[in-house]
Amino acid sequence: MPDPRFKILTSASTSGPGDAGRTGSWRVERPVIDMSRCIPAKTGKHACHLCWLLCPDNVVSKDIEPEIDLEYCKGCGICAEECPVQAIEMVPDADFIEGAERE
Amino acid sequence: MSKAIIESGNVAAAMAVQLARAEVIAAYPITPQTPVTEKLSELITAGRMDAEYVAVESEHSAMAVCIGAASAGVRAFTATSSNGLLYMSEQLHWAAGARLPIVMCVVNRGIGAPWSVWNDHQDAISQRDAGWIQVFAKDHQEIIDMTLKAFRLAELVHIPVMVNYDGYYLSHTYMPFEPPDAARVDAFLPAYQYKHALSPERPESLNTVTLPDARLDVNGIKRGGYMDIRHNLHEEMGMAIEVWEEIDREFQGHFGRGGAPVLDPYRCDDADTVIVAMGTMANQFRVVVDRLRQDDGIRAGVLALQMYRPFPGSRIAEALQSARHVLVYEKGLSYGNQGALYADIKSALYPYPSRPQLHNFIVGLGGREIPTESLYQTTRAACTEDRMRPPAQSDAPQWIGLQL
Amino acid sequence: MKMAAKTTVLNLTEEEFVHPGNRACSGCGLSILYRIGVKALGRDCIFVVPPSCLTVMQGLYPIAATQMPVLNGTFASTAAIATGVKAAMRRLGRATQVVAWAGDGGTSDIGIQALSGALERGEDIIYICYDNEAYMNTGVQRSGTTPQGSLTTTTPFSGKSEVGKNLPAIIAAHNPAYLATCSASYPLDFHDKLLKAKQIKGLKYLHVQTPCPPGWGIEEHMTVALGRAAVETGLFDLYEIEDGCLQLTGPSQQLLGKACLRPVREYLEMQVRFKACSDEQAAALQAQVDQRWAGYRDKFK
């Protein structure tokens, strides 16, 4: 048993989100899902979910209508690339800045 | 000494590990340490010791196994010598930074190149800044007692401990010693517990990348950065001297032996000439001291340094306050400078009013014989020499026994 | 051979073991692998990790992006540290899996001695090598597994002239209890091979090709497509070795039925790192693939 006089400082980390901050700020394009094409959303049944499976950052939900956590989504676009029905489009984040207009 | 046995120093070390109930032993052979791990292998295979024995493929991996086991809260041990110690150097720093209470016996041997299998202290000295506690034994009884105390110290202060003893002088010679009673050892050395032990129930990521500056944890509590962790190691290593003395008193209560855990003085009380040495050489000097007193009327004493890191600087400086001559004999040095111990002692004396004349001798490298006669002659000459040598000359180490 | 579980996207657990907002690059192949792999391993396991991209992804003190217990250790000693942790688990009477997870540099180069020792001793651990074919964490230097022709910062202009190590073959020569090759682009295959590895005593080695967008010179969205191309061109084969017997698995096994595979050139042209690759080098690579697959077709027909 360690002596109570000793603090024994070590690098022992405990688990939590956002070690690198809100990584959504890394993104220049965000995935936007067209629910009219998305297989589970369209059929109302759990199916496909490839965007959930292949997301490196654990920001896509495994819901009938998948949700993307934009606070942390790094915008890699793997979900859009791998979607078998091309239901996900990568859209410039700038388009979502309020008041901004794009030519 | 009714329970005394006669065995080698390496067997004394192995018996200590057995008595300490170390649970993971990692071993890689290197002369003159090899018999320690052979003995442990034999004890485990014969069912006389209950432990995991891992025959690794290198010393680097031996320390890695100890790091893995200790991080999981299990008592670990290894032993090595010479280049084996240097090969695990990276791991030594790691174990200290991770505050793992690993105990390792280092059977001191010269470092290549060129190859030498014989004794000196350069292996241990080269690792003095790794953050390990370093203690030096002088005989077989001290090997077994000191190794047991080392486990207790390591686990109290959470800093790894290196128990050094001289290759061949102690490792391969047979001397009587008394193995401590196993039941009493259990009382003296409770089971190892670690608050950060790897556990799926309480997951933590240990020793990960740590920033220069403090950072808030997931609960918003500020945690120090790399420098703060390292400062804490330094501070608590210094505090280990006192804990080592407390442990020695406890050990004395259990086993009746001890009393000189940090400095072991011989005829130093009235001495104006004090020889400082580590390991077996300090015992050899007892004969020299007796002769200097008897034949030459020189009031000499020998101060054996039992603990080299943390360096008991103020204790040494105080012990040397009435000395006129201090002679530091070493089996290792900082190349291009001086004996490492000499430099340490010189710096420890600086703040004190009395600064005796200091002499530095390098002896016995790579097993070069250290005749007691030459220790006597060099000591006597140093005590009677002209004190007005130029500073540069008086500060340079003298190499004893060169055969050029 | 043990029967393999067949996990689908639908029955794969929703429980997550790594937090979002970690430091992995956008589109990181390792992140896919880690996220899905830990789902197979479950909570009763301890990771041992040497310096690598995973070190960074795991989080900087005092925050851990991973929810798993991890022992970070020195570069050369991953398998030996894992040995020590496993020995401790045996002493504690715990069945906890000990998982060494290292990169290709940490496995094929600096860590190979410790791994060879652990293999020879038959340590009861899972060793995962995520092979992104260069030292990516230090900024894309050549490693033992970097393929011939590949540009790295230490093989500039003309690419690596030597052939990369066949690390799984080196491991196979040690007769491990289980060996599997996997791809970050087929995370469920990796998941199920891990489920299988968990059931086997001894050293289980999984070698995973892991595309790296910045290191390989691909757009971040192409990570999965590229790993798939490596498999579909026959360049990177998915197989298992048990009792010395090699079997193609999953996607690679399905390729056996095809008369010809996608041309290797397609895979090479997707990546900036191969832009110095000559026509002769590409043709030689194609010839190697053709020869290997002819051998597979003979063996498994």
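Bear in mind these aren't lab numbers, they're just calculated from the coordinates by the rules spelled out. For clarity, every value in this text was computed on a predicted model and none was experimentally measured. Cβ: placed from backbone, ideal geometry, glycine included. Neighbour counts: every protein chain shown.
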Task: Debye-sum result for segment B:226-320 in log10 I(q)/I(0), which assumes one identical scatterer on each alpha carbon, at q = 0.13 Å⁻¹ - done: -0.55
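Do any chymotrypsin sites (Phe, Trp or Tyr not before Pro) in segment B:331-404 lie in a loop, going by DSSP, with at most 11 other beta-carbon atoms within 10 Å of their beta carbon, and if so which?
On the way: sites: B:TYR335, B:TYR342, B:PHE361, B:TYR376, B:TRP399; in loops: B:TYR335.
The qualifying sites are B:TYR335.
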Open item on the list: From the alpha carbon gyration tensor of chain B, can you work out the equivalent ellipsoid semi-axes (sqrt of 5 times each eigenvalue) and give them in Å, largest to smallest?
Closed with: 36, 25, 20
Task: C-alpha long axis of helix C:279-300 to longest principal axis of chain C, angle in ° - done: 60 degrees
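In terms of the ratio Rg/(2.2 N^0.38 Å) built on C-alpha atoms, what value belongs to the protein assembly as shown?
Numbers: Rg = 31.2 Å, N = 808, 2.2 N^0.38 = 28.0 Å.
Scaled against compact globular proteins, the figure is 1.11.
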Task: Cα principal axis extents for segment C:29-300, largest first, Å - done: 57, 41, 31
Open item on the list: As I understand it, the value is the acute angle between the Cα axis of helix C:223-232 and the longest principal axis of the Cα atoms of chain C; what does it come to in degrees, rounded to 10?
Closed with: 70 degrees
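Loop-only trypsin sites (Lys or Arg not before Pro) in segment C:1-72, please: DSSP not H, G, I, E or B, and at most 12 other Cβ atoms within 10 Å.
On the way: sites: C:LYS2, C:LYS6, C:ARG23, C:ARG35, C:LYS39, C:ARG43; in loops: C:LYS2, C:LYS6, C:ARG23, C:ARG43.
Passing sites in segment C:1-72 are C:LYS2, C:LYS6.
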Task: Over chain A: Kirkwood hydrodynamic radius from C-alpha pairwise inverse distances, Å - done: 16.0 Å
- [ ] Could you compute the FRET efficiency for B:ASN337 and C:VAL163, with r as their C-beta to C-beta distance and R0 at 51 Å, rounded to 0.05?
- [x] 0.55
Task: Span from the segment B:228-256 Cα centroid across to the segment C:261-292 one, whole angstrom - done: 64 Å
TODO: Enumerate the lysines that C:LYS299 could reach by cross-link, defined here as Cα to Cα under 18 Å, with residues fewer than 8 away along the same chain left out.
DONE: C:LYS258
Task: Kirkwood Rh, angstrom, segment B:138-271 [1 / mean 1/r, Cα pairs] - done: 18.1 Å
Task: Listed pairs A:LYS74/C:LYS204; A:LYS62/C:LYS6; A:LYS45/C:LYS196; B:LYS138/B:LYS195; B:LYS331/C:LYS86 exceeding 28 Å between Cα atoms - done: A:LYS74/C:LYS204; A:LYS45/C:LYS196; B:LYS138/B:LYS195; B:LYS331/C:LYS86
Open item on the list: Only counting other Cβ atoms within 10 Å, I'd like C:LEU226, C:LEU71 sorted with the fewest neighbours first.
Closed with: C:LEU226, C:LEU71
Task: Residue among B:LEU198, B:LEU263, B:LEU40 with the largest mean-square fluctuation in a Gaussian network model of chain B, springs linking Cα atoms under 10 Å - done: B:LEU198
TODO: For segment B:5-188, go through all pairs of different Cα atoms, get the mean of 1/r, take its inverse, and jot down that Kirkwood value in Å.
DONE: 15.7 Å
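Just flag the trypsin sites (Lys or Arg not before Pro) in segment B:145-218 sitting in loop per DSSP whose Cβ has no more than 15 other Cβ atoms within 10 Å. Intermediate results must be reported in sequence, preceding the final value.
On the way: sites: B:LYS149, B:ARG152, B:ARG184, B:LYS195, B:ARG215; in loops: B:LYS195.
Here the trypsin sites (Lys or Arg not before Pro) that fit, given the DSSP loop and packing criteria, are B:LYS195.
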TODO: Once you've got the GNM for chain B with C-alpha springs shorter than 10 Å, pick whichever of B:SER199, B:SER81, B:SER314 has the biggest mean-square fluctuation.
DONE: B:SER199
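Quick one: of the DSSP bridges fully inside chain C, what percent are antiparallel, nearest 5? Each step should come with its number before you reach the end.
Values: 9 of 33 bridges.
Counting DSSP beta bridges with both partners in chain C, the antiparallel share is about 25 percent.
Okay, helix-only estimate at 222 nm for chain A: each DSSP H run of n ≥ 4 adds -39500 (n - 2.57), divide by all residues, round to 500 deg cm²/dmol; what do you get?
Numbers: 3 runs with 15 residues, N = 103.
-3000 deg cm²/dmol, from helical runs alone.
Rank the residues B:VAL36, C:VAL99, C:VAL289 as a footprinting-exposure proxy: fewest other Cβ atoms within 10 Å of their Cβ go first.
Values: B:VAL36 31, C:VAL99 26, C:VAL289 19.
So the residues, fewest neighbours to most, are C:VAL289, C:VAL99, B:VAL36.
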TODO: Quickly estimate the mean residue ellipticity at 222 nm for chain C, helices only: each DSSP H run with n ≥ 4 gives -39500 (n - 2.57), and the total goes over all residues, rounded to 500.
DONE: -10500 deg cm²/dmol
TODO: Report, in degrees rounded to the nearest 10, the 0 to 90 angle that the Cα long axis of helix C:29-41 makes with the longest principal axis of chain C.
DONE: 40 degrees
Task: Residue of B:ASP139, B:ASP213, B:ASP344 that the Gaussian network model of chain B assigns the largest fluctuation, springs spanning Cα pairs under 10 Å - done: B:ASP213
Task: With eigenvalues of the C-alpha gyration tensor scaled by 5 and rooted, segment B:192-234, Å - done: 20, 15, 9
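Can you classify segment B:263-399 as rounded, prolate or oblate using the Cα gyration tensor, where a ≥ b ≥ c are the square roots of its eigenvalues, rounded means a/c under 1.5, and otherwise it's prolate if a/b beats b/c and oblate if not? Can you show the working numbers first?
Values: a/c = 1.17, a/b = 1.07, b/c = 1.10.
Because its axes are fairly even, with a/c under 1.5, segment B:263-399 counts as rounded.
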Open item on the list: To check you understand DSSP bridge types, tell me what percent of the beta bridges within the protein assembly as shown (both residues inside) are antiparallel, rounded to 5.
Closed with: 30 percent
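Can you compute the FRET efficiency between C:THR153 and C:GLU266 using 1/(1 + (r/R0)^6), with r the Cβ-Cβ distance and R0 = 22 Å? Round to the nearest 0.05. Don't skip to the end; give the middle numbers.
Values: r = 26 Å, r/R0 = 1.17.
Here the calculated transfer efficiency is 0.30.
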Open item on the list: Using a Cα-Cα cut-off of under 25 Å, which lysines could be cross-linked to C:LYS275, ignoring same-chain neighbours fewer than 8 residues away?
Closed with: C:LYS160, C:LYS165
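At 222 nm, what helix-only mean residue ellipticity would chain B give, in deg cm²/dmol to the nearest 500, using -39500 (n - 2.57) for each DSSP H run of four or more?
Details: 14 runs with 163 residues, N = 404.
Mean residue ellipticity, 222 nm, calculated: -12500 deg cm²/dmol.
Of B:MET49, B:MET239, C:MET270, how do they rank once you tally other Cβ atoms within 10 Å and put the fewest first? Walk me through the numbers on the way to the answer.
Numbers: B:MET49 22, B:MET239 15, C:MET270 19.
By the 10 Å Cβ count, ascending: B:MET239, C:MET270, B:MET49.
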